[in-house]
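These notes are about the structure you will find just below.
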Amino acid sequence: MRLGSGQALRVAPLPLLLSAGLGAGLLILAVVYASLQQAWLGVELQADDRGGGLLVTAVHESGPSHGRLIRGDQVVAIRGTDGAFESLVAFDPALEPHGFRDYAGYNAYLERQGRIAGLLHPGRTLRLVLADGEVVAVQPHSQRPLTALPDAFWLFNLFGLMAFLIGWAVWTFRRGYLPARYLMISGTGFFIATLLNSAYLARELAIPELYFQLLVRGNHLGLTLLLGGLLALLAHYPRRLSSVSPGLLVFAMLALYQVNENLQLVEWPVHTFYLPLIAFYLLGVTIAIRQWQLARRQPLDRAALKWVFLSVFVFMGISLVVYFVPVAFGEPPLLSQTAMIGLATLMYFGFALGVLRYRLFDLESWWFSIWVWLLGGAAVLLVDAMLIVLLGLQPAQALGLAVILVGWLYFPMRQWVWGRIAGTASVPVEQHLPELVEGVFAAGDAGEVEETWEATLRKVFKPLDVEQRDGLLTTPRVVDHGAALLVPRVEAPEHLRLLYARGGQKLYHGRDIVLVEALLGVTRRSCRVWRARDEGARAERQRILRDLHDDVGGRLLSLLHASPDDRVAQLTRSALQGLREAIYALDEGNGRYLEDALEEWRVELRQRLAGSGIELDWTQRTSEEAATRLSPRQYINVKRILSEAVTNALRHAQPTVLQVSWHCEQGRLEFRLINDGVSSAETTACGELVMMEGRGMHNMRTRAREIGARIEASPQSAPDGRYLVTLCMPLSEHA
């Protein structure tokens, strides 16, 4: 808090909210006290639908009418000690004065209330005339007990207090934001309206005319503030609709409406009091439509507007339909006034949930946490008071039991509700870390690391969409009021844009930034370890290459020159060729174009079949894929798979033709070898051999897996007893 020259007094949000709540509580206590000071007959009266007097529906045992009146009696008149007489025929003590269509009916009812209240003097004998002519003498008490206040009295104040606190809770955290201020004004107006309404709702029979007049005028003033706050909010959120302050225009219009009503200058058609309310509702719909049109290219604004419209127009619209519209046209309301107020209160709870889900007014979800904390304390006090009043427990005993009950019932229920509304409070990162680290270490290159990083972000946040954006980003950021989260790549100069967390159910906030920084730190450390491991493996590979080339290669070359005969020389040449191929496969700097490799394999296979009487049918379709460069491992493995497949064909069959075909399409290489020399019996035997996974077939499958390929070999794969071997391999090195 600070107070300086030219500066307003600044109070932290929570103390300000507590002060506002305390002030509202004191006002409720004042109304409770005033309601208890009314003269009390100790009866509950209800208007007779047939136009007779008042039916006695209940008699309080501690009241002055106990033993004098019974349930079912019908009171038709009241007479004072001075002989003044007032008929109660066609009189409803619980009538809402604003329910009358015109000023004449409104004024007449208040005047009649005043005359009846003038006969109710505590300590003086009052005579009640019953329908059968019997006269009952009753001496009103000067004060009524707390239990004599109707349930609707407490509900009105509860509903009003909730709307008041929600409006103030938003404003205390966003005091410089006009829509938050208008929501606070609306909640305050709702509280004033329900507070004063509860005061005259609690009347037993009648209250003084002037007192009644002040209450109903204050009630409509609160209703005007409620409507004005909502209309001004709609005119400012999410954007201001006019150069002149829309809030000023709204409240100027409502001020004229209040002046007209209090001075009773002009009467509206149909219904003087309720038709303007319907008109203001339609004005709000018009403002909302305009806001919706202006937000057509702003998805975040439209998402928030949907929640605002749902909160305002659905609940307020239902209230109008079930109460104000029927009364305005002379029909009984579909629901009681208490139920209508309860429906209207849901509008403010809608704003509260909108703050939680869509961060209305740009408030974080901790705003809702503060509410949960406040309600937890209120729950303890409420349960404590109920235990004292209902069970007669001592304060210390009641407090201890209240803490236990709230701890066992309220807090678990609170956590369940929080989970249903807000989703999981924390992302279970421990489920994704092992997979993230494993993916980094299993990556073949930096591209796969980036793919693993993006996949992890998708699993953790479940965004609606992930976009890749240009530009280096050093740290994650929340942008567009929480609609998007900007996340750096692990090493690439681009960054990712994650739109709407949890499939669009939540917005991003500060905790998500901390989470991304932690995951990014783990990923980058894993990359450094992975790169160090790779560098170590590469250095060891180069050492092995040098040893094989300089030592083993040199010895084989010496053996070749000293070979005693051609057979030893040929074996030495084969060993030397195998060594060269092994060295070639280990050297990552090597590579072979697909077109060159196919030509080399065709020549080698034709030389191998020369003189065997077996025809080679070689076909290939590679088009532009021929320029693809095979990695050393791809080159060696495909070559040896081809060699092993041909060896199996020559060893297990008597083919006349070997059909070899190569086909490249959409980044994949497909190889097919068909052997026509397998009879029916040999097919069965060869099939059994394949199922038994002999050493040659096992090696072929192992080599295929190393390069991400899929191999199939089966006698049933080709018609006419032929045997088919197929290989399908992605041409990218690390697919």
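Here is a yes/no grid of residues against (1) in contact (Cβ under 8 Å) with a residue 12 or more places away in the chain; (2) part of a loop (DSSP other than H, G, I, E, B); (3) on the phi > 0 side of the Ramachandran plot; (4) of a type in the set (S, T, Y):
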{"residue": "T57", "(1), (2), (3), (4)": "yes, no, no, yes"}
{"residue": "A94", "(1), (2), (3), (4)": "yes, yes, no, no"}
{"residue": "E111", "(1), (2), (3), (4)": "yes, no, no, no"}
{"residue": "A117", "(1), (2), (3), (4)": "yes, no, no, no"}
{"residue": "L128", "(1), (2), (3), (4)": "yes, no, no, no"}
Quiz item: Here are some residues: G187, G176. Which one is in a loop (DSSP other than H, G, I, E, B), within 50 Å of the chain's Cα centre (by Cα) and farther than 22 Å from G42 by Cα?
Solution: G176
Quiz item: Which condition number in (1) out of contact with any helix residue (DSSP H, G or I) (no Cβ under 7 Å at 6 or more places or on another chain); (2) part of a strand (DSSP E or B) is the one that L496 fails?
Solution: (1)
Practice problem: Determine if segment 76-90 includes at least one residue that is outside any helix (DSSP H, G or I), touching a residue at least 40 places away in the same chain (Cβ under 8 Å), surrounded by 14 or more Cβ atoms within 10 Å (Cβ to Cβ) and not aliphatic (A, V, I, L, M). | Solution: yes
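If the requirement is being modelled with pLDDT of 80 or more, crowded, with 16+ Cβ neighbours inside 10 Å and β-branched (V, I, T), which of these qualifies: V479, V440, V514, V487?
Checking each option against the conditions leaves just V487.
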Quiz item: Does L473 fit the bill of being without any contact (Cβ under 8 Å) to a residue 24 or more places away in the chain and part of a loop (DSSP other than H, G, I, E, B)?
Solution: yes
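Within segment 183-193, can one find any residue that is closer than 30 Å to L119 by Cβ and at pLDDT 90 or above?
yes
Conditions (1) out of contact with any Ser or Thr (no Cβ under 9 Å at 6 or more places or on another chain); (2) charged (D, E, K, R), marked per residue:
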site	(1), (2)
A131	yes, no
L149	no, no
F164	no, no
W171	yes, no
R175	yes, yes
G187	yes, no
Quiz prompt | Members of segment 91-106 found to be closer than 19 Å to A39 by Cβ and buried (at least 19 other Cβ atoms within 10 Å of the Cβ), listed by number | solution = F91
Quiz prompt | Residues (closer than 14 Å to G25 by Cα and either among the charged types (D, E, K, R) or within 30 Å of the chain's Cα centre (by Cα) (or both)) located in segment 151-167 | solution = L158, F159, G160, L161, M162, A163, F164, L165
Quiz item: Of the numbered conditions (1) buried (at least 22 other Cβ atoms within 10 Å of the Cβ); (2) of a type in the set (A, V, I, L, M); (3) under 30 Å from the mean Cα position of the chain (by Cα), L223 satisfies every one except a single condition; which is it?
Solution: (3)
Self-check item: Counted residues, segment 583-628 - those being among the small types (G, A, S), at pLDDT below 75 and surrounded by 15 or more Cβ atoms within 10 Å (Cβ to Cβ)
Solution: 3
Self-check item: When residues of segment 256-285 are limited to those that are among the aliphatic types (A, V, I, L, M) and not in a helix (DSSP H, G or I), the one nearest to the chain's Cα centre (by Cα)
Solution: V270
Quiz item: Would a scan of segment 238-252 turn up a residue that is farther than 30 Å from G118 by Cβ, surrounded by 22 or more Cβ atoms within 10 Å (Cβ to Cβ), touching a helix residue (DSSP H, G or I) at 6+ places or on another chain (Cβ under 8 Å) and not assigned by TED's automatic domain parsing to the domain that holds L95?
Solution: yes
Self-check item: One residue from R203, R181 being more than 30 Å from F309 (Cβ to Cβ) and either without any contact (Cβ under 8 Å) to a residue 12 or more places away in the chain or assigned by TED's automatic domain parsing to the domain that holds Q337 (or both)
Solution: R203
Quiz item: Is it the case that V43 is within 21 Å of Q113 (Cα to Cα), surrounded by fewer than 17 Cβ atoms within 10 Å (Cβ to Cβ) and not basic (K, R)?
Solution: no
Exercise. Looking only at segment 262-284, decide whether some residue is out of contact with any helix residue (DSSP H, G or I) (no Cβ under 7 Å at 6 or more places or on another chain), assigned by TED's automatic domain parsing to the domain that holds I192 and touching a residue at least 24 places away in the same chain (Cβ under 8 Å).
Key: no
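The values are calculated or read from the model by the stated rules, or taken from the named source; none is laboratory data. It should be emphasised that the depicted structure is a prediction, and the values quoted were computed from it without experimental measurement. Note: ideal-geometry Cβ built from the backbone for every residue, glycine included; neighbour counts use all protein chains shown.
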